[in-house]
Amino acid sequence: MALRGYFFVLVFVALASSAFSELSSHYYDYSCPKALSTIKTAVEAAVQKERRMGASLTRLHFHDCFVNGCDGSILLDSTSSIDSEKNSNANFQSARGFEVVDEIKQAVDEACGKPVVSCADILAVAARDSVVALGGPSWKVKLGRRDSTTASRAAADANIPAPFFSLSQLITNFRNHGLDEKDLVVLAGGHSIGYARCATFRAHIYNDSNIDPDFAKDLKYICPTAGADSNLSPLDSTAAQFDKNYYSNLVQKKGLLHSDQELFNGGSTDELVREYSYDSEDFYEDFAKSMIKMGNIQPLTGNQGEIRVNCRKVNQ
Ligand code: HEM
Ligand SMILES: *[C@@H]1O[C@H](CO)[C@@H](O)[C@H](O)[C@H]1NC(C)=O
């Protein structure tokens, strides 16, 4: 009897400790109660200075999570042993906000009195605070991710979806990250904010037929057939505001990227795009849920990885 009781205690402890290695929204309540307010203040200041920064920070969290999980790997600079994800196809001359992340990290470490908040968690919280600062929904960010000691440019190239992807490629890519079709459609609503370079939408405006002709014509002025690769265009008609216009634009065949318009092109996702184009409450609620789901992708927890002192470098 006693032995059996002992056995159950052991099983219980084993189950409980695996549960403890999951993320929790209260993770820093004791170790750094000021963590969340410090991040929020810094994000608000950065967005106040430049609205686009909210978009750039949101995208960093996405590109972090899609490459070997949400582990801060995107923030590591190249060294003799690290091939930085910053140089991958999707990120090179495109991913931005790294200086702001450095500022947030410094402010948080100072507020905590020691480096206890991971860079991966900073990205997750900064994404939420950015969306809120731009008028979007809020959600409780799960915390306790630890930082990787490695990064992989090859994994970034293999895992971050490209703007020339078809609907079926997008669905497969998201499924490979544990995200379903609904997650794809709602997370693509991240394109309610921010900008894209000509190089990423040129083929869509010159070669695709599922695009409003006047919209395409206007874009050709800022995006000629050659050159001007880095000229910017807003991803939706209200790029400084998080709203449902991304979806109403898609319904009008005014998606900027080929991959955006694929979500409303006669396929299985049309209906959901139409729904979000009417109903921002549904969009906001589902966006919050899917951001939490994306933030749960393969985190390092417990004694895996480390808490980086400098988000750009592995600890000495
Ligand atoms: C569905 C597949 C996706 C594809 C193919 C894609 C592709 C792209 C591309 C090509 C750009 C423009 C980059 C440049 O020209 O420098 C961009 C920007 C952006 N993406 Fe995505 N993206 C996808 C999903 C997402 C998701 C899930 C989010 C966030 C939840 C997101 C957030 C953003 C934001 C906020 C920007 C603007 C960044 C800025 O202005 O700095 N994207 N994306
Ligand atoms: C459009 O398609 C043609 C034929 O496939 C190709 O040669 C051309 O480079 C494409 N143009 C753009 C801007 O992608």
When you go through Asp183, Asp147, Asp229 one by one, which is the residue that is within 13 Å of ligand 1 (Cβ to nearest atom), open to solvent by less than 20 Å² (accessible area, probe 1.4 Å) and either of a type in the set (Lys, Arg) or modelled with pLDDT of 95 or more (or both)?
Asp183
Those residues of segment 197-216 which are within 13 Å of ligand 1 (Cβ to nearest atom) and either open to solvent by 10 Å² or more (accessible area, probe 1.4 Å) or of a type in the set (S, T, N, Q) (or both), in sequence order
Arg197, Ala199, Thr200, Arg202, Ala203
Candidates Asp71, Asp83 - the one that is among the acidic types (Asp, Glu), open to solvent by less than 40 Å² (accessible area, probe 1.4 Å) and away from ligand 1 (no atom under 16 Å from the Cβ):
Asp71
Among the helices (runs of 4 or more DSSP H) lying completely within segment 143-194, list those that include at least 2 residues that are within 16 Å of ligand 2 (Cβ to nearest atom).
none
Looking at segment 124-131, is at least one residue within 12 Å of ligand 1 (Cβ to nearest atom) and open to solvent by 20 Å² or more (accessible area, probe 1.4 Å)?
yes
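The values are calculated or read from the model by the stated rules, or taken from the named source; none is laboratory data. Since we're looking at a predicted model, the values are computed, not measured. In this analysis, Cβ positions are derived from the backbone assuming ideal geometry, glycine residues included, and neighbour counts consider all displayed protein chains. In case anyone asks, the SASA skips ligands and DNA or RNA and just uses the protein heavy atoms, side chains included. Shrake-Rupley method; radii C 1.70, N 1.55, O 1.52, S 1.80 Å.
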